[in-house]
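The values are calculated or read from the model by the stated rules, or taken from the named source; none is laboratory data. Note that this is a predicted model, so its numbers are computed, not measured. Because the Cβ atoms are built from the backbone with ideal geometry, glycine has one as well, and the counts that use them run over all protein chains shown.
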Amino acid sequence: MAYGYLIVVQDNASENYSYGIPEGVDAQSIFTSYEDAKIALEKASEQFNEFMPVAYGKAFPYDSVTFEQELEEKSFAPFGWGVRKIDEEIFRMCIGLLRMNLQ
């Protein structure tokens, strides 16, 4: 099975969709290489005013799993939480990598 990888923001509060596509820094590309997707994800995380990475291997609930294991098992792995400040409002969002089947 071939896979494609997409950088997404996760929205747990929505009943209509689970993921959104962020703007900028290759975020609107589908990657056929996991390595290229991970590099682009790291660049995308640098665009936030503040960023807190997931503590894989260190903190619950990710203390016994790696980023790669999470992606393999659930087809989505959070990379961290970014903060954007827009006109006095603060938006906190989870950004990660979504693995999709290519057909």
(message) When the residues of segment 53-82 are narrowed to those that are of a type in the set (A, V, I, L, M) and surrounded by 13 or more Cβ atoms within 10 Å (Cβ to Cβ), which ends up farthest from TYR3 (Cα to Cα)?
(response) VAL54
(message) If I ask for residues that are under 19 Å from ASN101 (Cβ atoms) and either surrounded by 14 or more Cβ atoms within 10 Å (Cβ to Cβ) or of a type in the set (Phe, Trp, Tyr) (or both), which ones from segment 31-40 would you list?
(response) PHE31, TYR34, ALA37, LYS38
(request) Kindly provide the set of residues from segment 1-19 that are modelled with pLDDT under 85 and either β-branched (Val, Ile, Thr) or surrounded by 13 or more Cβ atoms within 10 Å (Cβ to Cβ) (or both), ordered by number. (result) ASP11
(request) Taking the residues in segment 26-56 that are modelled with pLDDT under 95 and in contact with an Asp or Glu (Cβ under 8 Å, 6 or more places away or on another chain) as candidates, determine which candidate is nearest to GLN69 (Cα to Cα). (result) ALA40
(message) So, in segment 73-103, exactly how many residues are over 14 Å from the mean Cα position of the chain (by Cα) and under 21 Å from ALA40 (Cα atoms)?
(response) 3
